[in-house]
Amino acid sequence: MRARAGTAVPHVILLTYVVVACGPIALIVMNAFKSRQAIFDEPFAIPTPDTFDVSGFQTVFERAQFELYFLNSFIVTVSTIFLVLLLGSMAAFALAEYRFAGITALSLYMALGIMIPIRLGTVGILDLMVRIGLVNSLFGLVLVYTAMGLPLAVFVLTMFFKQVPGDLKDAARIDGASEYRVYRIAAPLVRPGLAAIGVYTMLPIWNDLWFPLILTPGESARTVTLGAQLFLGQFVTDWNAVLAVLTLAALPMMALFIIFSRQFIRGLTSGAIK
């Protein structure tokens, strides 16, 4: 009995945490599909044929260009993840493979990039973007987010590339493979690390409000988070619309996280073991 109790306690704690963490999200999604009267009368009940209502979603798509906002966020997020994984993995491969003067200083520089928030340089970033004409540009956001994600990507992936068998890389070099070819051979072997970095990079970018508010306030380059924030300010008393926009903003990332959660956890645990 004592052994069973010792096994059950961690599960109870974890389940309690899941309920506390996911309960508000479930309430938002359920109430987004209910009428306003049902939201106030039965906030904890699931939608029924009598209470089902999608007027909030109709208001969202009629009053705001959320299709454009989603497209902008998708372009920024996917482009940033691609650049972070490509450039980060190439830099990590170089740091893991080669020994050269200044490698310790470069590694320390990458570590400082993790510890110092990029938001501290907001004024300088904004001044730079104004000078090169990238304000209200999705490309400007991609550059900022890539710079934000690269230090952690390089730091983590370096540990993974160090675990790739050296005999495999040496055999490829003996066969005449170039260093780029050796990199392409080694990259698939660090997929858990790539997946972990991809998910870890994806969530903050999609949810970020700071840089879109500063760098892309215009309608044409507005992201879904900024669009949702401005929409909430206009329709704060229309609870159907408020819950609908919160659901639309959260569901894509929730779905992607659920899909890639196994790879994400595998990458984190592999990194911890290494």
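Looking at (1) more than 20 Å from the chain's Cα centre (by Cα); (2) open to solvent by 30 Å² or more (accessible area, probe 1.4 Å); (3) more than 17 Å from Met110 (Cβ to Cβ), which is the only condition Leu143 fails?
(1)
Can you name the residue in segment 56-104 that is farther than 20 Å from Asn207 by Cα and either touching a Cys at 6+ places or on another chain (Cβ under 8 Å) or among the hydroxyl-bearing types (Ser, Thr, Tyr) (or both) and is also most open to solvent (accessible area, probe 1.4 Å) among such residues?
Thr104
Give segment 148-202 a look and list any residue that's more than 30 Å from Val224 (Cβ to Cβ) and basic (Lys, Arg), or say none. Walk me through how you get there before you give the answer.
If we filter segment 148-202 for residues that are more than 30 Å from Val224 (Cβ to Cβ), which is where we start, we get 158-190.
Of everything in segment 148-202, those that are more than 30 Å from Val224 (Cβ to Cβ) and basic (Lys, Arg) turn out to be Lys162, Lys169, Arg173, Arg181, Arg184.
If you go through segment 3-19 one residue at a time, do you hit one that is touching a residue at least 12 places away in the same chain (Cβ under 8 Å) and among the charged types (D, E, K, R)?
No, segment 3-19 contains no residue that is touching a residue at least 12 places away in the same chain (Cβ under 8 Å) and among the charged types (D, E, K, R).
Quick check on my filter: what residues within segment 157-184 are in a helix (DSSP H, G or I) and either in contact with an Asp or Glu (Cβ under 6 Å, 6 or more places away or on another chain) or open to solvent by less than 30 Å² (accessible area, probe 1.4 Å) (or both)?
Those that are in a helix (DSSP H, G or I) and either in contact with an Asp or Glu (Cβ under 6 Å, 6 or more places away or on another chain) or open to solvent by less than 30 Å² (accessible area, probe 1.4 Å) (or both): Leu157, Thr158, Phe160, Phe161, Lys169, Ala172, Val182.
If Ile81 satisfies all but one of (1) in a helix (DSSP H, G or I); (2) at pLDDT 85 or above; (3) over 30 Å from Leu189 (Cα atoms), what's the number of the condition it fails?
Just one mismatch for Ile81, condition (3).
Only one of these is free of Cβ contacts under 8 Å to residues at least 60 places away in the same chain and either more than 20 Å from Thr225 (Cβ to Cβ) or of a type in the set (S, T, N, Q) (or both): Gly88, Gly113. Name it.
Gly113
Just to be sure I understand, how many residues within segment 20-37 are without any contact (Cβ under 8 Å) to a residue 12 or more places away in the chain and charged (D, E, K, R)?
Here the count works out to 0.
Just give me the residues in segment 1-48 being modelled with pLDDT of 80 or more and in a loop (DSSP other than H, G, I, E, B), in sequence order.
Matches in segment 1-48: Phe33, Ser35, Glu42, Pro43, Phe44, Ala45, Ile46, Pro47, Thr48.
Tell me yes or no: at least one residue of segment 63-70 is part of a loop (DSSP other than H, G, I, E, B), over 23 Å from the mean Cα position of the chain (by Cα), under 16 Å from Thr247 (Cα atoms) and free of Cβ contacts under 8 Å to residues at least 60 places away in the same chain. Spell out how you get there, then give the answer.
Of all residues in segment 63-70, those part of a loop (DSSP other than H, G, I, E, B) come to 64-65.
Remaining after also requiring over 23 Å from the mean Cα position of the chain (by Cα): 64.
Restricting the remaining residues to those that are under 16 Å from Thr247 (Cα atoms) gives 64.
With free of Cβ contacts under 8 Å to residues at least 60 places away in the same chain added as a condition, the list becomes none.
No: zero hits.
Could you figure out which of (1) open to solvent by less than 60 Å² (accessible area, probe 1.4 Å); (2) in contact (Cβ under 8 Å) with a residue 60 or more places away in the chain; (3) β-branched (Val, Ile, Thr) isn't true of Thr51?
Answer for Thr51: the failing condition is (2).
The values are calculated or read from the model by the stated rules, or taken from the named source; none is laboratory data. Since this is a predicted model, take the numbers as computed values, not measurements. Backbone-built Cβ (ideal geometry, glycine too); neighbour counts: all protein chains shown. Keep in mind that these areas ignore ligands, DNA and RNA; they rest on the heavy atoms of the full protein, side chains included. Shrake-Rupley method; radii C 1.70, N 1.55, O 1.52, S 1.80 Å.
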